[in-house]
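Each remark here refers to the structure printed beneath this line.
Coordinate-derived values only; no laboratory data. The shown structure was predicted, so the numbers you read here are calculated from the model rather than taken from an experiment. Please note: Cβ atoms are built from the backbone with ideal geometry, for glycine as well, and neighbour counts cover all protein chains shown.
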């Protein structure tokens, strides 16, 4: 079975990806798949990387075969995953629920490859905010693959590398300048002898979470891997379930949105700020209405102004 090199990056990732892909040889015996947090925006990343990369670089196409010596990038607003179809590896694209408030996300690619390619997967996490990719790297390790992480001290944004190092039994931590050569050497390692023990099967949580990306899972599946948390999904308003044994803590709703605790806290902070701005706008409109159209009540006007001042103070502290 051929090997896959998976790379996940976010803020600051363009420069890091450019250095790494430029160092890959033209005869690389593996497929490289990249997820960069680009959201739904038009992406020029394939063109940028192609300027220095000796391998062909394109956006992934749904159901396209995975061939050695190519670099495939998750297109905007789609989760990139992989699968085995009639014994042949191929890419799949899904407009599934966002994970960690982004689509494409790193975790879906890493999880799908871990389940479909056993130990023939090398996962790498680069610079980026928060902690997307940590759970995916855990899946790769659980299925016998290898984990590579950029040194947080050189990362433009150290959050994602630091999270991976803190929660995964990482095999290699190194600078971007060294990563291309390492990935090439890992891809060139011969397969294990037939007498070697088979890699462990994909854990249940990996299979269930992969099904959510494809729209094939629901509440009964979620009950197999988690428990009600009492929190609400900031994407759809549904109940969130906390996934059993996840470190860092992770949550999913039954429609499939997924968050780490840090991402959830970040989204709640944004929601609170938006609610405060909305309340301030409503109070200011009410104040203007009463001043211009209604009989002026000094006590009521004073109370409205006091509430406006309180909200303005809260918003000033949140900035």
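For this structure, a couple of remarks:
- Gain upon complete extension [residue 223, residue 185; 0.36 nm per residue less C-alpha separation]: 9.6 nm
- Sorting 10, 229 by the number of Cβ atoms found within 10 Å of their own Cβ, with the fewest placed first, yields 229, 10.
- Working from the Cα coordinates of the chain, the gyration tensor eigenvalues give, after taking √(5λ), semi-axes of 44, 22, 17 Å in decreasing order.
- Where labels lie 7 Å past Cα in the beta-carbon direction, separation of residue 153 and residue 63 in nm: 5.0 nm
- Helix 204-213 vs. the chain, principal-axis angle (Cα, 0 to 90°, nearest 10): 70 degrees
- Estimated FRET transfer efficiency (residue 196, residue 284; beta-carbon r; R0 51 Å; 0.05): 0.15
- Cα-based convex hull volume of region 3-188 per residue, rounded to whole Å³: 95 Å³
- In summary, the convex hull built on the alpha carbon positions of region 1-109 has an orientation-averaged projected area of 6.4 nm².
- C-alpha long axis of helix 106-117 to longest principal axis of the chain, angle in °: 30 degrees
- Neighbour-count ranking [beta-carbon atoms within 10 angstrom, fewest first] of 252, 224: 224, 252
- Relative contact order [Cα under 8 Å, 6+ residues apart], region 3-188, whole percent: 24 percent
- Taking other C-beta atoms within 10 Å as the exposure proxy, 117, 251 rank 251, 117 from fewest upward.
- Dmax and Rg, reported as Rg then Dmax, of region 221-273 (C-alpha, Å): 10.4, 35
- Region 70-131: radius of gyration and largest Cα-Cα distance (Dmax), Å: 12.0, 38
- Over the chain, dividing the summed -39,500 (n - 2.57) contributions of all DSSP H runs of at least 4 residues by the number of residues returns a 222 nm mean residue ellipticity of -13000 deg cm²/dmol.
- With only Cα atoms counted, region 56-105 has Rg and Dmax values of 11.3, 33 Å.
- Average projection area in nm² (convex hull over Cα atoms of region 218-319, one quarter of hull surface): 8.6 nm²
- Note on region 64-140 and region 142-162: Cα centroid distance 16 Å, given to the nearest whole angstrom.
- Between helix 298-318 and the chain there is an angle of about 20 degrees, using the helix long axis and the longest principal axis of the Cα atoms.
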